[in-house]
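Q: Okay, here's the structure, questions in a sec.
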Amino acid sequence: NLCTAALLAAVLVCGLTCASTAAAEEAITEEYESISNANEHVQAQDDYARSQKRREITEHDDDQNEPPPSSSSSSSSSSSSSSSPPSKDYFKEELVIRPLSSGDIYASFQFQTRWDTDFFAPGKKVSHYRLFPKSLGQLMSKFSVREMHVSFTQGYWRTMQWGQPFLPAPPGAELWVWFQDSVADVDGAWKELTNVLSGIFCASLNFIDSTNTVEPTASFKPLGVGNVTHQRFLRYAVLPREIVCTENLTPWKKLLPCGSKAGLAVLMKSEKLFHSSFLSLAVHIRPVCQDWGCKGTAWELRQTVNVVFDLHTTGQGKREWSFFKMFSRTLTEACPLATSSKVYIDVTDNPQGELFELNPAAPSLTQAVVLGDRRTYAVYDLMASGTFGLLRSLNVLLRWKTPVDMLRPLLHGERYVAGYGLQTGEIHTLIYNNHPYRAFPVLLLDIVPWYLRLYIHTLTVTSKSRENKPSYIHYQPSKDRLRPHLLEMLIQLPPNSVTEVTVQFERALLKWTEYTPDPNHGFYVGSSVISALVPSVVAMDTSYTLEHPLFSTFFPCKEESSYFVRVYTEPLLVNLPTPDFSMPYNVICLTCTVVAVGYGSLYNLLTRTFQVEEPSPGVVKRLANMIRYLRGVPLL
Amino acid sequence: MAAPLTLVLIVAVTIRAVLFSSSLAEPLMERVEVVSPLNAWKRVVEGLALLDLGASPYSGDVFHETPLIIYLFHFVIDYADIVFMIADGITAVALYLAVQDYNKTVFRKQKYALEADRYPHDCLELIRTPKEMYYIPLKVALFYLLNPFTIFSCVAKSTCGLNNAVIALFILSTIKGSAFLSAVFLALATYQSIYPLTLFAPALLFLLQRLYIPVNFYRPSFWLFTLQYAVMYLGSLCVIVCLSFFLLSSWDFIPSVYGFILSVPDLTPNIGLFWYFFAEMFEHFRFFFICVFQINVFFYTIPLSIKLKEHPVFLIFMQIAIISIFKSYPTVGDISLYMAFLPVWSHLYRFLRNIFLVSCVMLACSALFPVLWHLWIYAGSANSNFYYAITLLFNVGQILLVSDYFYAFLRREHHLTHGLYLKRKDGSEATLVLK
């Protein structure tokens, strides 16, 4: 309830910031309705869930490896209990655990809600929501959103130590949205959308304005189906300073059909999740194909949590991980509304169990091609009652026997600021291609705030100490206080090389009110984004015919020989020169004094004339004269 | 006279050529005292780079030069050093010729006045002799070319040098009496940086004086010439602006150049009064104070023209000085232009009141600028107030210098009409005061 109050407050605040008050009020009422509806809806579902739980679990006992039509049984069973479902929806949940070579452990939760309906069908208003959260559904239809990706991340993903994540995200908050091509005022919709999202997720997304929004031309193509690709309908913004906290996790969990009451979401205990090296919450909504022939589109809501637990702070230095150690919870049941609920443990490096042992032993193994590599996973199906054992709880334990080496990621990036002093500086971006013999192109996207004035003529790209001219450059210079710099480049990375991109900038002195409350902490510059099709070691799966685990299907894969990777570099922290904040009055007074000195001396010389100075009479004489003047007698 | 001037030019070019090839050129291009956002060479190169990328140079907020400058450097980018040296040379030669001509006029007038016996008898020591006036033009060229401010400005390739050349050509053509060329160069100077607009009044006064047309509002000849000059000025301004439009086929340069000069959005520190004042300004007073500060530059034109209507060349000097003190993005290059005129007023030296103090202040400030900048930006042991304090002091020094020369000029004029040794009523020696 506390958070509902917070949400309401945030919605009110966001409503206040809305430009058009009428639209804002409408948004507030709608938003409030949708949120309260969503809460009721979750509670209703929970009640429903409790009564249906047993039956569904027994129903799903034996179909653990079936393709999507398996879900129809549950939906038909639920539809038989409700009167007439308008369209089909499914919910799947998944947890992937990947032991990292550094000894840390990577846990990735993926929750997929798929709904075979069309929000934008003419003359049809979608008002009946079942599994899909109503707050997001209303948002999609109100702002004509085609695709929306929002992530909140705490910490920085260390690609060199940890490899590629399933879902990359930059530190801070990232939001990118493709609007429908029917939207006329994209900027207005974007502004309102960020304010509403700010209310939904209790985040500072309302700080997104024109100074940090860009329209990248090539780096962010739609991930779902559809054919609108003009960047006019795309908006991208990053808030590198955003702090992610429990208040963001709570509304995020409320979007799940089972909330955090059942299923994998039970593990998301905030004091454990936030006690980690890396935590990324994300919500992705996109249109996907309903079936293999792609005759109709369905809406996919994918909620993900990616978390890396540190060997030393969480694991107390021991290479021994269990659910309880990581999350201080164990699993006791699947979400009753889910059609699939699985836990995957990456055991590729451990085929015979010589590196670490799993306890309880995995009931089955499966293989998946992900990020250009064929990996083996141990699978625990939560729908199967045998998974939970005698204690009615699942606590997977990984215990290492020997240390391991990791496959080096083929692509990774770094960034830092060079130079000293507060006048100028240089941004260095290093892009590593670790592939031994293949060159491949990457798209580099840099968004630099206006107060670091980039000089594009100082841009250099060098690979192997030779100039490497980008084949495509899109540069949009900044406008003071209006928009940031946008630099997009297509660079060919030679095999086994480091490519260095440098560009010089000048630090601006801002108005004293434009500084953050802690100006000497510095200003954040969002991560640059490296997007690439990396040559794959194994053939990628491009077919739709097989059922893949969720984590391997986020980025659409069009060809077998390569896979899509997005790498975010570190955000930068740059110091700017600051004025003295304590003395605006003094400065105004002193400067005005100098101007007055100029004015006064010129005024003096312009209006007065030279005269011979006569000696002034004594005090007594002046007094006498004054009296004589009053008496009307001639003066002395 | 040509030989010493050539020698000075050779020395000046040699110094610049040596500095261009030295390691001093690179750091100078970053000095905030020498380059401003308006005229930094780095920004010219950036504008050309943006053109090469196919974007309008005015699409960002880095480039604020006029289209003619970009057109000029589009062709001579590889010979930029030479262009800047030539610009300085042109300025010096133009000022040299202008002052030479002006001195002749002054001398002729003085001769007529002496013949008419208009000066009081004790003023003979104020009369200027050809001997002392002979070297003044050379000194002017010397003051401009060998002034460290000019040299730094040239080596940093600040386009301020080009603006100075245009203004010098304007002064030359005015003093030579060519109304058309004067109007063209004035239009060009206005086009480059708005502020020279105020030089319209002195130029008009000088040309009127030269044509023996009295400044009398009831005389049609006065209005006829004023109209003629104004039309020439506005016409050439119009042509230049339209030409710029056709060069880039957009009007983007108007807000990006003139809007930038007038609304002062870039608060990069410089030697002027604007940057810190508007960095610390309360947002709701900002517009008001921008108006006040900008009007301040143009404000003195009318009273000064009334007071100095007999002495338009001194009026030009005053105007240039006021512009360089109160403009929104001043650099040391602007200061060097009016400093070049100081030898012309060497005969005022005996009436200057605080020239020693002012010289000390200017020298000390010039030395302290880089020191305090280093302490603030690099060492971190000082803050912005230190640098701001020096800019304040430097501007007070400039104001005192200009008002001192103004005072001295007015006083000499007073003595020329009332006698040098004034007596009180009781016969004792009098002191002059402003009342």
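The values are calculated or read from the model by the stated rules, or taken from the named source; none is laboratory data. Since the structure is predicted, the reported quantities are computational estimates derived from the model, not experimental observations. Heads up, the Cβs are rebuilt from the backbone with ideal geometry, glycines too, and the neighbour counts pull from every protein chain shown. Protein only, heavy atoms only, side chains kept; ligands, DNA and RNA dropped before computing areas. Shrake-Rupley method; radii C 1.70, N 1.55, O 1.52, S 1.80 Å.
Q: Might you check whether a residue that is over 30 Å from B:Arg412 (Cβ atoms) and away from every other protein chain (no Cβ under 14 Å) occurs anywhere in region A:590-612?
A: no
Q: Residue under question is A:Ser340, and the condition is that it be open to solvent by less than 30 Å² (accessible area, probe 1.4 Å), under 30 Å from A:Lys88 (Cβ atoms), away from chain B (no Cβ under 14 Å) and among the hydroxyl-bearing types (Ser, Thr, Tyr); does it hold?
A: Numbers: open to solvent by less than 30 Å² (accessible area, probe 1.4 Å): yes; under 30 Å from A:Lys88 (Cβ atoms): yes; away from chain B (no Cβ under 14 Å): yes; among the hydroxyl-bearing types (Ser, Thr, Tyr): yes.
So A:Ser340 passes the test.
Q: Against the conditions (1) closer than 30 Å to B:Leu273 by Cβ; (2) open to solvent by 30 Å² or more (accessible area, probe 1.4 Å); (3) touching a Phe, Trp or Tyr at 6+ places or on another chain (Cβ under 6 Å), where does A:Tyr603 fall short? Just the number, please.
A: That leaves (3) as the condition not met.
Q: Next question. Pull up region B:104-159, narrow it to residues that are outside any loop (DSSP other than H, G, I, E, B) and of a type in the set (S, T, N, Q), then point me to the one that is most open to solvent (accessible area, probe 1.4 Å). Before the answer, list the steps.
A: Of the residues in region B:104-159, the ones outside any loop (DSSP other than H, G, I, E, B) are B:104-115, B:121-126, B:130-134, B:136-145, B:148-155.
This time we only want the ones that are of a type in the set (S, T, N, Q), so: B:105, B:110, B:150, B:153.
Numbers: B:Thr105: 40, B:Gln110: 16, B:Thr150: 4, B:Ser153: 6 Å².
For region B:104-159, the residue satisfying everything is B:Thr105.
Q: Contact list please: Cβ distance under 7 Å, first residue in region B:189-210 and over 17 Å from B:Ile325 (Cβ atoms) and among the basic types (Lys, Arg), second residue part of a helix (DSSP H, G or I) and modelled with pLDDT of 95 or more, pairs at least six apart or on different chains.
A: Matching pairs, first to second residue: none at all.
Q: Please work out which one of (1) in contact (Cβ under 8 Å) with a residue 40 or more places away in the chain; (2) out of contact with any Lys or Arg (no Cβ under 6 Å at 6 or more places or on another chain); (3) over 24 Å from B:Gly47 (Cα atoms); (4) open to solvent by less than 30 Å² (accessible area, probe 1.4 Å) is the condition B:Gln228 fails and give its number.
A: The one condition B:Gln228 does not meet is (4).
Q: With the condition kept exactly as written, say whether any residue in region A:297-306 is open to solvent by 10 Å² or more (accessible area, probe 1.4 Å), assigned to a loop (DSSP other than H, G, I, E, B) and polar (S, T, N, Q).
A: no
Q: Another question, then. Tell me, which residue of region A:514-530 that is surrounded by fewer than 21 Cβ atoms within 10 Å (Cβ to Cβ) and not in a helix (DSSP H, G or I) is farthest from the other protein chains (Cβ to nearest Cβ)? First the steps, then the outcome.
A: Of region A:514-530, the ones surrounded by fewer than 21 Cβ atoms within 10 Å (Cβ to Cβ) are A:514-524.
Next, only the ones that are not in a helix (DSSP H, G or I) stay: A:515-518, A:522-524.
Values: A:Tyr515: 10, A:Thr516: 15, A:Pro517: 17, A:Asp518: 16, A:Gly522: 13, A:Phe523: 15, A:Tyr524: 20 Å.
Result: A:Tyr524.
Q: Now a separate question. Evaluate the following for A:Lys511: is it within 14 Å of chain B (Cβ to nearest Cβ) and either within 23 Å of the chain's Cα centre (by Cα) or basic (Lys, Arg) (or both)?
A: On the way: within 14 Å of chain B (Cβ to nearest Cβ): yes; either within 23 Å of the chain's Cα centre (by Cα) or basic (Lys, Arg) (or both): yes.
Spelling it out, A:Lys511 is indeed within 14 Å of chain B (Cβ to nearest Cβ) and either within 23 Å of the chain's Cα centre (by Cα) or basic (Lys, Arg) (or both).
Q: Just to be sure, is A:Met160 surrounded by fewer than 23 Cβ atoms within 10 Å (Cβ to Cβ) and assigned to a strand (DSSP E or B)?
A: On the way: surrounded by fewer than 23 Cβ atoms within 10 Å (Cβ to Cβ): yes; assigned to a strand (DSSP E or B): no.
Here the answer is no, as A:Met160 does not meet what is asked.
Q: Looking at (1) under 30 Å from A:Lys88 (Cα atoms); (2) in contact with a Ser or Thr (Cβ under 8 Å, 6 or more places away or on another chain), which one does A:Lys295 not meet, given that it meets all the others?
A: Exception for A:Lys295: condition (2).
Q: Next question. Among the listed residues B:Leu420, B:Leu401, B:Leu375, which satisfies the condition of being closer than 25 Å to B:Val140 by Cβ and either open to solvent by less than 30 Å² (accessible area, probe 1.4 Å) or within 14 Å of chain A (Cβ to nearest Cβ) (or both)?
A: Working: B:Leu420 fails: closer than 25 Å to B:Val140 by Cβ; B:Leu375 fails: closer than 25 Å to B:Val140 by Cβ.
Going through B:Leu420, B:Leu401, B:Leu375 in turn, just one is closer than 25 Å to B:Val140 by Cβ and either open to solvent by less than 30 Å² (accessible area, probe 1.4 Å) or within 14 Å of chain A (Cβ to nearest Cβ) (or both): B:Leu401.
Q: Do any strands (runs of 3 or more DSSP E) entirely within region A:331-441 hold 1 or more residues that are outside the structural domain of A:Lys318 (by TED's automatic domain parsing) and within 30 Å of A:His457 (Cα to Cα), and if so, which?
A: Numbers: elements: A:340-346, A:356-359, A:364-370, A:373-381, A:397-400, A:411-418, A:424-433.
Hits in region A:331-441: A:411-418, A:424-433.
Results for (1) under 26 Å from B:Ile127 (Cβ atoms); (2) under 28 Å from the mean Cα position of the chain (by Cα), shown as yes or no for each residue.
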{"residue": "B:Asn383", "(1), (2)": "no, no"}
{"residue": "B:Tyr387", "(1), (2)": "no, yes"}
{"residue": "B:Leu393", "(1), (2)": "no, yes"}
{"residue": "B:Gly397", "(1), (2)": "no, yes"}
{"residue": "B:Ser403", "(1), (2)": "yes, yes"}
{"residue": "B:Leu410", "(1), (2)": "yes, yes"}
{"residue": "B:Leu420", "(1), (2)": "yes, no"}
{"residue": "B:Ser428", "(1), (2)": "no, no"}
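Residue by residue, here is whether (1) touching a Cys at 6+ places or on another chain (Cβ under 9 Å); (2) farther than 27 Å from A:Phe551 by Cα; (3) of a type in the set (A, V, I, L, M) holds:
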{"site": "A:Phe179", "(1), (2), (3)": "no, no, no"}
{"site": "A:Val196", "(1), (2), (3)": "yes, yes, yes"}
{"site": "A:Asp209", "(1), (2), (3)": "no, yes, no"}
{"site": "A:Ser219", "(1), (2), (3)": "no, no, no"}
{"site": "A:Val238", "(1), (2), (3)": "no, no, yes"}
{"site": "A:Val244", "(1), (2), (3)": "no, no, yes"}
{"site": "A:Pro257", "(1), (2), (3)": "yes, no, no"}
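Q: Looking at region A:247-267, I want the residues that are on the phi > 0 side of the Ramachandran plot and have a partner that is in a helix (DSSP H, G or I) and small (Gly, Ala, Ser) with Cβ atoms under 8 Å, at least 6 apart or on another chain. Which pairs are those?
A: Between residues of region A:247-267 that are on the phi > 0 side of the Ramachandran plot and residues that are in a helix (DSSP H, G or I) and small (Gly, Ala, Ser), the close pairs are A:Gly259/A:Ala265.
This table checks each residue for (1) within 27 Å of the chain's Cα centre (by Cα); (2) modelled with pLDDT of 95 or more.
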residue: A:Tyr420; (1), (2): no, no
residue: A:Thr424; (1), (2): no, no
residue: A:Ile427; (1), (2): yes, yes
residue: A:Asn433; (1), (2): yes, no
residue: A:Tyr437; (1), (2): no, no
residue: A:Leu444; (1), (2): yes, yes
residue: A:Val461; (1), (2): no, yes
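Q: Regarding A:Gln423, is this residue within 11 Å of chain B (Cβ to nearest Cβ) and open to solvent by 50 Å² or more (accessible area, probe 1.4 Å)? Give the steps one after another, and end with the answer.
A: Values: within 11 Å of chain B (Cβ to nearest Cβ): yes; open to solvent by 50 Å² or more (accessible area, probe 1.4 Å): no.
In short, no.
Q: Still on this structure, please answer the following. Can you pull out every residue in region B:378-387 that is assigned to a helix (DSSP H, G or I) and open to solvent by 10 Å² or more (accessible area, probe 1.4 Å)? Steps first, please.
A: Looking only at region B:378-387, we keep the residues that are assigned to a helix (DSSP H, G or I), and these are B:378-379, B:384-387.
Correct list: B:Tyr378, B:Ala379, B:Asn385, B:Phe386.
Q: Looking at region B:415-431 only, could you name the residues that are assigned to a loop (DSSP other than H, G, I, E, B) and over 15 Å from A:Ser616 (Cα atoms)? Step through it out loud before you land on a result.
A: Quick first cut of region B:415-431, residues assigned to a loop (DSSP other than H, G, I, E, B) only: B:419-422, B:424-428, B:430-431.
Across region B:415-431, the qualifying residues are B:Gly419, B:Leu420, B:Tyr421, B:Leu422, B:Gly427.
Q: Before we move on, is B:Tyr407 facing chain A (nearest Cβ under 8 Å), open to solvent by 60 Å² or more (accessible area, probe 1.4 Å) and assigned to a helix (DSSP H, G or I)? Reasoning before the result, please.
A: Values: facing chain A (nearest Cβ under 8 Å): yes; open to solvent by 60 Å² or more (accessible area, probe 1.4 Å): no; assigned to a helix (DSSP H, G or I): yes.
No: the conditions fail for B:Tyr407.
Q: Quick one: how many residues across region B:46-65 are surrounded by fewer than 20 Cβ atoms within 10 Å (Cβ to Cβ), within 7 Å of chain A (Cβ to nearest Cβ) and in a helix (DSSP H, G or I)?
A: Step one: of region B:46-65, the residues surrounded by fewer than 20 Cβ atoms within 10 Å (Cβ to Cβ) are B:48-49, B:51-56, B:59.
From what is left, the residues that are within 7 Å of chain A (Cβ to nearest Cβ) are B:49, B:53, B:55, B:59.
Restricting the remaining residues to those that are in a helix (DSSP H, G or I) gives B:49, B:59.
Result for region B:46-65: 2.
Q: Take the residues in region B:262-272 that are touching a Lys or Arg at 6+ places or on another chain (Cβ under 8 Å) and open to solvent by less than 10 Å² (accessible area, probe 1.4 Å); name whichever of them is nearest to the other protein chains (Cβ to nearest Cβ).
A: Our first condition is that a residue be touching a Lys or Arg at 6+ places or on another chain (Cβ under 8 Å); within region B:262-272, this holds for B:265, B:267, B:272.
After this cut, where a residue has to be open to solvent by less than 10 Å² (accessible area, probe 1.4 Å) as well, the list is B:267, B:272.
Values: B:Leu267: 5, B:Gly272: 10 Å.
Looking at residues that are touching a Lys or Arg at 6+ places or on another chain (Cβ under 8 Å) and open to solvent by less than 10 Å² (accessible area, probe 1.4 Å), I get B:Leu267.
Q: Which of the following residues is within 11 Å of another protein chain (Cβ to nearest Cβ), part of a strand (DSSP E or B) and open to solvent by less than 30 Å² (accessible area, probe 1.4 Å): A:Leu459, A:Leu444, A:Leu486?
A: A:Leu486
Q: Looking at region A:448-465, I want the residues that are within 18 Å of A:Leu490 (Cα to Cα) and have a partner that is assigned to a strand (DSSP E or B) and of a type in the set (D, E, K, R) with Cβ atoms under 8 Å, at least 6 apart or on another chain. Which pairs are those?
A: Note: pairs meeting the criteria are A:Thr458/A:Glu426; A:Thr460/A:Glu467; A:Thr460/A:Glu500; A:Val461/A:Glu467; A:Val461/A:Glu500; A:Thr462/A:Glu500; A:Ser463/A:Glu500.
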